[in-house]
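The structure appears right after this line, and notes come after that.
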Amino acid sequence: MNDQTDDYVYDEASGEWLPAAEAAAKAASAGQVEVRDSVGNLLADGDSVVLVKDLKVKGAGQTLKRGTVIRSIRLTGDEQEIDCRYEGIKGLVLRAEFVKKN
């Protein structure tokens with residue numbers, strides 16, 4: 001009887017034959033990007049961050065001051081960009097190098 005647990009898939013990166021379930025889990029984890037703040041802390045969805053320098057917001061005519069707390073960030077899939085909300089600014093995207101995890 002041949003079921004899913006008996007299937008093996010060749011992993012070109014490692015040169016090994018892996019069980020199909022393990023290969024699928026490895027592929028899913030490979031798609032995730034690690035986003036790190038200015039001091040190297042790992043960021044995740046829902047974290048709060050603090051700005052480490054004053055930033056002029058293009059199109060809003062507003063400057064976000066150093067020390068401003070941004071709550072509930074979302075990761076974009078890019079290792080250097082985070083999506084966030086701030087009152088009065090829609091669609092704010094910040095570079096991870098300008099924030100520190102709170």
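Each value in this text was obtained by applying a stated rule to the coordinates, not by laboratory testing. It should be emphasised that the depicted structure is a prediction, and the values quoted were computed from it without experimental measurement. Note that we place each Cβ from the backbone using ideal geometry, even for glycine, and neighbour counts take in every protein chain shown.
Results, tabulated for the structure shown:
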quantity	calculated
Karplus-derived 3J(HN,Hα), 6.51/-1.76/1.60, for each residue of segment 36-44, Hz, glycine and proline x	10, 7, 5, 10, x, 6, 6, 9, 9
Relative pair counts by distance (%), Cα atoms of segment 35-101, 10 Å bins	23, 61, 17, 0
Förster radius 30 Å - calculated FRET efficiency between Lys65 and Leu42 (Cβ-Cβ, nearest 0.05)	0.75
Computed over the chain: relative contact order in percent, which uses C-alpha pairs under 8 Å that are six or more apart	24
3J(HN,Hα) from dihedral phi, segment 88-102, Karplus parametrisation 6.51/-1.76/1.60, rounded to Hz, x for glycine, proline	x, 10, 9, x, 7, 10, 10, 7, 5, 5, 9, 10, 10, 5, 8
MRE, 222 nm, helices only [DSSP H, n ≥ 4, -39500 (n - 2.57), over the chain, to nearest 500]	-3500 deg cm²/dmol
Above-threshold pairs, the threshold being 31 Å between Cα atoms, out of Lys58/Lys101; Lys26/Lys65; Lys26/Lys101	Lys26/Lys65
